[in-house]
Structure formats: C-alpha cells, structure tokens
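Chemist: Supplied in structure tokens, the structure appears directly below.
FYI, it's all coordinate maths here, none of it is from the lab. Treat the numbers as computed from the prediction; the structure is a model and nothing was measured. A quick note on method: Cβ atoms are made from the backbone with ideal geometry, for glycine too, and the neighbour counts reach across all protein chains shown.
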C-alpha cells in the first residue's frame with residue numbers, strides 16, 4: 001500500500017482592492033479547496049488577533065505554489081508606489097516574493113503563478129513576475145475556467161506525449177515484411 005500523497009499547498013497573495021475583488025479571490029480559493037488543494041488564505045485564518053507578518057513568514061515560503069492575484073492595486077503595492085501605511089500586507093508579500101525569486105530563482109520561478117481574475121489584464125501583473133515573457137493564468141468562474149491553473153498545481157500536463165517507439169531504421173520495414 002502506497003502512503004497517501006499530501007495535497008499541494010497554495011498561498012494566495014492579493015490586494016484587498018474592493019469587496020467584489022476580495023469575493024472573487026475567496027471564490028477562487030474555495031474552488032481550489034474543493035479541487036483538493038490546501039489553500040492558505042488570510043480570510044480563513046482571521047480568527048482573532050493575528051501577527052500577519054508572522055503568518056505570512058510561516059505560510060508563504062512553506063507553500064508549494066504562490067498565486068499572485070493580479071490587480072492594479074497589487075501592482076501599485078508591489079511597485080511600492082504608495083505611502084508606507086497603505087496596503088502593508090501585499091507590500092510585504094510582494095517584497096518577500098521578490099526576495100525569494102532573487103535568492104532561489106530556479107526553485108521559485110515555476111512556483112509563483114500570476115493569476116488573472118475576470119476583468120483583469122496582463123498589465124496588472126507586477127514586472128518582477130515577467131507579465132509578457134512568462135506564463136500567466138487567466139481564470140474564469142465558468143466550467144473548466146481554472147483547468148490550466150489546476151493542471152500546474154497538481155502536476156497534470158495538458159497533453160501527454162505518446163510512448164517512445166524503437167529508433168527508426170531503413171531496414172525496419174524489411175524486417176517487418178519477412179515471413
């Protein structure tokens with residue numbers, strides 16, 4: 001009997017832009033949990049007084065994947081184009097992500113996934129996540145709208161190549177034709 005494999009752990013980094021944006025983030029996180037993904041979301045950890053920087057320090061680096069939910073506000077905060085007292089949580093998370101990428105790029109580049117919710121575009125992805133040069137994950141709330149993201153997180157490729165056959169030989173055809 002094989003030991004049961006633990007579900008992938010995903011940390012969700014996003015800006016608290018608007019109520020509807022937060023609801024979309026929670027909706028996506030709920031869908032991922034129902035799909036067997038262990039999601040770490042601040043909304044679900046808020047059970048009283050919490051040191052949020054410590055919560056991030058524990059959960060973000062321990063995650064198998066980090067979803068960066070793109071939005072103009074996240075972009076602003078990740079670019080540090082605001083005052084020190086605005087959006088401190090997403091500022092801190094973006095700084096940590098930049099540091100993780102700088103320190104262990106080979107490890108983190110494929111694990112930090114920019115996600116585009118409905119109504120958001122490529123120009124809302126922070127530059128350090130290579131919005132134009134690297135893969136991004138648009139999602140929708142329609143059937144199949146998260147399939148590409150789920151494939152990456154669960155390690156299921158979109159297409160599986162056929163089995164590798166024997167090396168080609170000009171004599172192979174003759175060998176098959178022999179009685």
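Chemist: Could you work out the helix-only [θ] at 222 nm for the chain, with each DSSP H run of four or more residues adding -39,500 (n - 2.57) and the total divided by the number of residues, to the nearest 500 deg cm²/dmol?
Modeler: That calculation yields -10500 deg cm²/dmol at 222 nm.
Chemist: Starting from the coordinates of the alpha-carbon atoms of the stretch 103-162, obtain the Kirkwood hydrodynamic radius over all distinct pairs and give the value in Å to one decimal.
Modeler: Taking the inverse mean of 1/r over all distinct Cα pairs, the stretch 103-162 comes out at 12.9 Å.
Chemist: Express the relative contact order of the stretch 9-158 as a whole percentage, based on alpha carbon pairs under 8 Å and six or more residues apart in sequence.
Modeler: Averaging sequence separation for qualifying contacts and normalising by length gives 25 percent for the stretch 9-158.
Chemist: If I build a Gaussian network model for the chain, linking alpha-carbon pairs within less than 10 angstrom, which residue out of 164, 32, 72 has the largest mean-square fluctuation?
Modeler: 164
Chemist: Given springs between every Cα pair under 10 Å in a Gaussian network model of the chain, which of 51, 17, 64 has the largest fluctuation?
Modeler: 51
Chemist: Another question, if that's okay. Calculate log10 I(q)/I(0) of the stretch 1-133 for q = 0.09, 0.16, 0.20, 0.22 Å⁻¹, where I(q) comes from the Debye formula with a single equal point scatterer on each Cα and nothing for solvent.
Modeler: One equal scatterer on each Cα of the stretch 1-133 leads to -0.26, -0.82, -1.31, -1.59.
Chemist: Can you tell me the FRET efficiency between residue 50 and residue 106 if r is taken as the Cβ-Cβ distance and R0 is 45 Å, rounded to the nearest 0.05?
Modeler: 0.90
Chemist: Among 30, 103, 165, determine the one that fluctuates most according to a GNM of the chain built with springs between C-alpha atoms less than 10 Å apart.
Modeler: 165
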